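Enquirer: Here you go, one structure.
Laboratory data are not the source of any read-out in this text; all were calculated from the coordinates shown. Just so it is clear, the model here is predicted, and its values are computed rather than measured. We place every Cβ from the backbone using ideal geometry, glycine too, and count neighbours over all the protein chains shown.
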Amino acid sequence: MNKSKIQEMETDFLIIGSGLSGLYAAIYASNFGKVSLITKSSIQESNSYWAQGGIAAAINDDDSIEIHKQDTLSVGCGLNNVGAVDVMVSEGTKRVLELIEQGMEFDRVESGFDFGIEGGHSRRRILHALGNETGKAVVDFLCKEVQKNNKISIYENSFVIDLFSNSKTCFGCLLFSDKKKNKISIHSKATILATGGGCGLYSQSSNPSSTSGDGIALGLNAGATVRDMEFIQFHPTVFSKDGAQNFLISEAIRGEGGQLVNHSKVRFMENYSKQLELAPRDVVAKAIFNEMRTNGEKNVFLSLKHLKSSLIKNRFKNTFELCLREGLDITKDDIPVSPAAHYMIGGVKTNTFSETNIKNLYACGEVACAGAHGANRLASNSLLECLVFAKRAVDSALRLSKKLEQIPPNLIEKAKKCSLISSDKKVERYLSYRISLSQIINNYVGILRNKKDLLLALNEISSIKRTNLDEFDLIDKRLMNLKSLTYLITKSALLREESRGSHVREDFSTQSAKWIKHISWKLNDGTLRFSYSKQ
């Protein structure tokens, strides 16, 4: 293979990621030009696909945009960008109603939509589809639209190596096509990051391991600001049984009356919140973790035995079948559950128009941080956020990215040096460090954090020396990105000396007014540097 050979392509909109944000952005952008949609797997495989709970939208008769806004702000613990919340909850209802008009079918009962309720919500406002397979239903619906659209070119099994950026302007990206086994340069007017988050970095996660923060690393390396990386939301209930694969147990189950019990079969949430099982995710996750630690157990249980068997089998068909494969009939047996890393609240900093600090680079969905979630995400706001800010990213691109700007020659020369073939030794080293880093942040930067553990984690992360890595080797570059991301999560958690939302410090157990600010990061001359900002 000729290492320097690069296939060159041009497009109007380059969209990296095929979750709900990426698919929605691609369909909308196709009305205005050529679209290139990049995914490192298939367009069906994403975190959005596995989202069970649903989409929160204030369209029920007893609900309002203002009530949804207040619920979001309450859970966000004082760190929300109020403007971003306003945009999300108001425009979100419009985007959801548009989906319905286009033919997306959400579950109904005789009186209308079958609205669910989840932790932190004061109204039944969660639209769901196929019981608890909402993400699958919406992604499948949009995938069909993407696949029949001749203005959208799909690059599956393609890994983005780098964005073409001089830290001021983004010109597109360099990617590796696994199908063609070559490098492809995509020159674009606008580049939209829609890659999802990075909770697959944790060894105990509801996400697939492929959810490794690639888009955040791409943005960081391109000169974009990254912020709020200390805020990792842990889903309270992930299936937890020795020898079995982890999978999410939908929060909607607690919304329909599921009860958390310890190994003595005693309900315990009344000791932690008046909202019991419907408390916000951070509260429930901490409560479960505390029960496990106090009693020396690996899990607690979610009990549905008091609910109607027909409700369980129909409303939660997917969960019922998954548990049955593990030998549990959840109409009779309790479900063993424990918390696991679920959602990354921080990411590439954007304004409410999905614009980053880099010209022609936009971000939406979980990879982005517009501030709508604050310090903790309200359940089922994530799919809503995807729809709203994906459209805004395209609208901003139409307004600000009207022409192809020439890629600087030095960026092309750098791309030519990039090697796609790594030695077996480097691959083995990458896999070894990947496992090690995932265990480090899982053990030391989990639900409860303290200075001693965080310093231990930083010390172990720092043992990976950049001088031993080749920036032009694809595998080494991925290892550098993993190191940067785990460092950002850990260092940010160490810097924030308080407990707020999903960030809990055992040694700083209360909220502090002086910490109503954000920790932002930029890469300057190869060094990660942080700063503080109010918004």
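Enquirer: Equivalent ellipsoid semi-axes for the chain, as square roots of 5 times the alpha carbon gyration tensor eigenvalues: give them largest first, rounded to whole Å.
Expert: 35, 27, 22
Enquirer: Still on this structure, I have one more. Evaluate the range 286-354: find the radius of gyration of its Cα atoms, find its Kirkwood radius, and give the ratio Rg to Rh.
Expert: Dividing the radius of gyration by the Kirkwood radius yields 1.16.
Enquirer: Moving to a separate point now. Provide Rg over Rh for the range 237-340; use the alpha carbon set for both Rg and the Kirkwood Rh (inverse mean inverse pair distance).
Expert: 0.93
Enquirer: On a 0 to 90° scale, report how tilted helix 382-400 is relative to the longest principal axis of the chain, with both axes built from alpha carbons and the result rounded to the nearest 10.
Expert: The two axes meet at around 30 degrees.
Enquirer: I'd like the trypsin sites (Lys or Arg not before Pro) in the range 107-191 restricted to DSSP loop residues with at most 10 other Cβ atoms within 10 Å, sorted by number.
Expert: For trypsin sites (Lys or Arg not before Pro) across the range 107-191 that sit outside H, G, I, E and B with at most 10 neighbouring Cβ atoms in 10 Å, the list reads LYS148, LYS179, LYS181.
Enquirer: Determine the gain in length on full extension of the stretch SER209-ASN524; use 0.36 nm per residue of separation and subtract their C-alpha separation, reporting nm with one decimal. Kindly include the intermediate steps, with their values, before the conclusion.
Expert: Numbers: separation 315, 0.36 × 315 = 113.40 nm, distance 2.88 nm.
Residue separation times 0.36 nm, minus the Cα-Cα distance, leaves 110.5 nm.
Enquirer: Once label points are set 7 Å from the Cα along Cα→Cβ at both LYS168 and LYS305, what is their separation, rounded to one decimal in nm?
Expert: Taking the simple label geometry, LYS168 and LYS305 are separated by 6.9 nm.
Enquirer: Compute the distance from the alpha-carbon center of the range 348-376 to that of the range 51-124, in whole Å.
Expert: Taking the Cα centre of the range 51-124 as reference, the centre of the range 348-376 is 20 Å away.
Enquirer: Quick one: putting +1 on the C-beta of Lys and Arg, -1 on the C-beta of Asp and Glu, what dipole do you get for the chain around its Cα centre, in Debye to the nearest 20?
Expert: The calculation lands at about 1480 debye.
Enquirer: Could you work out how much longer the chain between LYS359 and LYS534 gets when fully extended? Use 0.36 nm per residue separation minus the Cα distance between them, nm to one decimal.
Expert: Full-extension gain reported as 60.7 nm.
Enquirer: Let me ask something else. How big is the charge dipole of the range 237-340 about its Cα centre, in debye rounded to the nearest 20, if each Lys and Arg gets +1 on its Cβ and each Asp and Glu gets -1 on its Cβ?
Expert: Here the size comes out at about 180 debye.
Enquirer: Can you show me the helix-derived [θ] at 222 nm for the chain, built from DSSP H runs with n ≥ 4 at -39,500 (n - 2.57) apiece and divided by the number of residues, rounded to the nearest 500.
Expert: So the calculated ellipticity at 222 nm is -11000 deg cm²/dmol.
Enquirer: Now, a different point. Please compute the modelled spin-label separation between LEU431 and GLU110, points set 7 Å along Cα→Cβ, answer in nm with one decimal.
Expert: That separation, rounded to one decimal, is 5.8 nm.
Enquirer: For the range 418-533, what is the charge dipole size about the Cα centre, in debye to the nearest 20, if Lys and Arg each add +1 at the Cβ and Asp and Glu each add -1 at the Cβ? Each step should come with its number before you reach the end.
Expert: On the way: 20 positive and 13 negative charges, 60 e Å.
Result for the range 418-533 is approximately 280 debye, rounded to the nearest 20.
Enquirer: Relative to the longest principal axis of the C-alpha atoms of the chain, give the angle of the C-alpha long axis of helix 65-76, reported between 0 and 90° and rounded to the nearest 10°.
Expert: Roughly 80 degrees between the two axes.
Enquirer: For SER74 and GLU297, FRET efficiency with R0 = 45 Å and r from the beta-carbon atoms, rounded to 0.05?
Expert: Once the sixth-power term is evaluated, E becomes 0.90.
Enquirer: Now, a different point. Could you give me D for the range 418-533, from Stokes-Einstein at 10 °C and 1.306 mPa s, where the hydrodynamic radius is the Kirkwood radius over C-alpha pairs? Units µm² s⁻¹, please.
Expert: So the translational diffusion coefficient is about 102 µm²/s.
Enquirer: Does anyone have the angle between helix 424-444 and the longest principal axis of the chain? Alpha-carbon axes, 0 to 90°, nearest 10?
Expert: 40
Enquirer: May I pose another question? Can you tell me how much longer the chain between ASP507 and SER462 gets when fully stretched, taken as 0.36 nm per residue apart minus their C-alpha distance, in nm with one decimal?
Expert: 13.9 nm
Enquirer: Have a look at THR72, PHE353, PRO236 and report the one farthest towards the positive end of the charge dipole of the chain, computed about the Cα centre with Cβ charges (Lys/Arg +1, Asp/Glu -1).
Expert: It is PHE353, whose Cα lies furthest towards the positive end.
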